[in-house]
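K.L.:
I'd like to ask you about the structure that follows.
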Amino acid sequence: MDGEIMKNTYLFSYLPIISILLFSLSFAIYGEMQMLKLFGNLGIYQGMLEFFSEAGIKLALLIVLLLLFFMVFAALKLISDTILELSLLFFSKDSEGKALNSVRKGSVIYVIGGACSLFSVQFIFGLGSIFIATNVVALIYFVNKLSPSLNLSRLVGLVFFPIFVWTALISLVAYAGLKLYNSVIASLPI
């Protein structure tokens with residue numbers, strides 16, 4: 001019976017949502033602490049306390065930030081899965097999906113990373129480092145699982161395709177953000 005459970009392809013299907021929730025909660029807690037400091041420095045916090053309790057303000061901020069980060073991480077997961085499956089389409093000879101099923105167990109890495117991020121909610125560099133380290137470990141796991149079935153050129157393509165696509169996406173978003181910032185600054189009457 002235990003062997004049947006471990007061969008079940010759907011066993012790890014709930015882990016991505018758990019890892020997204022853990023990372024979202026970590027970043028939301030950090031964001032809540034920073035926003036409360038900002039509200040205190042701006043003098044808004046005392047006015048908010050007249051309408052809401054302290055626990056109500058904290059809970060509302062946590063829920064809003066949790067939802068915001070959940071949407072961001074869910075979108076990143078969707079993009080990541082699409083890039084992974086595209087790279088498998090372009091560089092893997094597997095047409096039955098065995099390669100994709102073999103790397104699904106790597107979602108445990110993200111759950112462990114998400115759990116570790118809860119211990120670093122005080123430090124944004126810790127959260128960022130854990131998130132980046134989790135992605136690097138997952139990439140190493142991914143390459144390790146697929147390397148026996150690929151030749152060197154396909155393996156290089158499989159590794160560099162996601163890196164290239166992520167670099168292009170991040171560069172595009174950074175460029176658009178910088179252009180938007182510059183246009184807002186240029187339109188201010190100074």
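K.L.:
Taking the 0 to 90 degree range and rounding to the nearest ten, how far is the long axis of helix 107-117 tilted relative to the main principal axis of the chain, both from C-alpha atoms?
P.N.:
That works out to roughly 30 degrees.
K.L.:
Shape call for the range 95-182 from the C-alpha gyration tensor, a ≥ b ≥ c root eigenvalues: rounded (a/c under 1.5), prolate (a/b greater than b/c) or oblate? Spell out each step's value before the answer.
P.N.:
Working: a/c = 2.84, a/b = 1.28, b/c = 2.23.
Taking the square roots of the gyration eigenvalues as a ≥ b ≥ c, the range 95-182 is oblate.
K.L.:
Just to confirm my numbers, what's the Cα centroid distance between the range 121-190 and the range 15-62 in Å?
P.N.:
27 Å
K.L.:
I'd like the accessible area for LYS98: 1.4 Å probe, protein heavy atoms, all chains in place, Å² to the nearest 10.
P.N.:
140 Å²
K.L.:
Working out 0.36 nm times the residue gap between SER183 and LYS98, then minus their Cα-Cα distance, what length gain in nm do you get to one decimal? Could you put the intermediate results ahead of the total?
P.N.:
Working: separation 85, 0.36 × 85 = 30.60 nm, distance 4.88 nm.
That pair, SER183 and LYS98, stretches by 25.7 nm at full extension.
K.L.:
Could you work out the helix-only [θ] at 222 nm for the chain, with each DSSP H run of four or more residues adding -39,500 (n - 2.57) and the total divided by the number of residues, to the nearest 500 deg cm²/dmol?
P.N.:
-28000 deg cm²/dmol
K.L.:
Using the alpha-carbon atoms, what tilt in degrees (0 to 90, nearest 10) does helix 15-42 show relative to the longest principal axis of the chain?
P.N.:
20 degrees
K.L.:
Net charge near PHE142, counting Lys/Arg +1 and Asp/Glu -1 over other residues with Cβ under 11 Å of its Cβ? Walk me through the numbers before you get to the answer.
P.N.:
Details: positive: ARG104, LYS105, LYS145; negative: none.
Net local charge, PHE142 excluded: +3.
K.L.:
Rolling a 1.4 angstrom probe over the protein heavy atoms, how many square angstrom per residue are accessible across the chain? Let's see the in-between values first.
P.N.:
On the way: 12710 Å² over 190 residues.
About 67 Å² of surface per residue is accessible.
K.L.:
About the Cα centre of the range 70-170, how large is the charge dipole given +1 on each Lys and Arg Cβ and -1 on each Asp and Glu Cβ? Please answer in debye to the nearest 20. Could the numbers behind the result be given before it?
P.N.:
Details: 7 positive and 4 negative charges, 35 e Å.
Taking the Cα centre of the range 70-170 as origin, the dipole is about 160 debye.
K.L.:
I'd like the orientation of helix 152-187 relative to the chain: the angle between its Cα long axis and the longest Cα principal axis, in ° from 0 to 90, rounded to 10.
P.N.:
The answer is roughly 20 degrees.
K.L.:
Given a cut-off of under 8 Å on Cα pairs at least six residues apart, what relative contact order in percent is computed for the chain?
P.N.:
Numbers: 126 pairs, mean separation 55.7, N = 190.
Here the relative contact order equals 29 percent.
K.L.:
What does the charge add up to near GLU32, with Lys and Arg as +1, Asp and Glu as -1, over the other residues with Cβ less than 15 Å from its Cβ? Intermediate results must be reported in sequence, preceding the final value.
P.N.:
Values: positive: LYS37, LYS58; negative: GLU54.
Taking every other residue near GLU32 into account, the sum is +1.
K.L.:
At 0.36 nm per residue, and after removing the present C-alpha to C-alpha distance, how many nm does the segment from THR82 to ASN135 gain when stretched out fully?
P.N.:
On the way: separation 53, 0.36 × 53 = 19.08 nm, distance 1.55 nm.
Result: 17.5 nm gained on full extension.
K.L.:
For LEU118 and ILE190 in the same chain, what is the full-extension length gain: residue separation times 0.36 nm, less their Cα-Cα distance, in nm? Write out the running numbers ahead of the final one.
P.N.:
Numbers: separation 72, 0.36 × 72 = 25.92 nm, distance 4.36 nm.
Taking 0.36 nm per residue and subtracting the Cα distance, the gain is 21.6 nm.
K.L.:
Next question, about the same structure. Rounded, prolate or oblate: pick one for the chain, where a ≥ b ≥ c are the square roots of the eigenvalues of its C-alpha gyration tensor, a/c under 1.5 means rounded, and failing that, prolate if a/b is larger than b/c, else oblate. Don't skip to the end; give the middle numbers.
P.N.:
Details: a/c = 3.07, a/b = 1.60, b/c = 1.92.
Verdict is oblate for the chain.
The values are calculated or read from the model by the stated rules, or taken from the named source; none is laboratory data. As the structure is a computational prediction, the values presented were derived from the model and not from experiment. Glycine gets a Cβ as well: all are built from the backbone with ideal geometry, and neighbour counts include every protein chain shown. Calculation scope for accessible area: heavy atoms of the full protein, side chains included, ligands and nucleic acids excluded. Shrake-Rupley method; radii C 1.70, N 1.55, O 1.52, S 1.80 Å.
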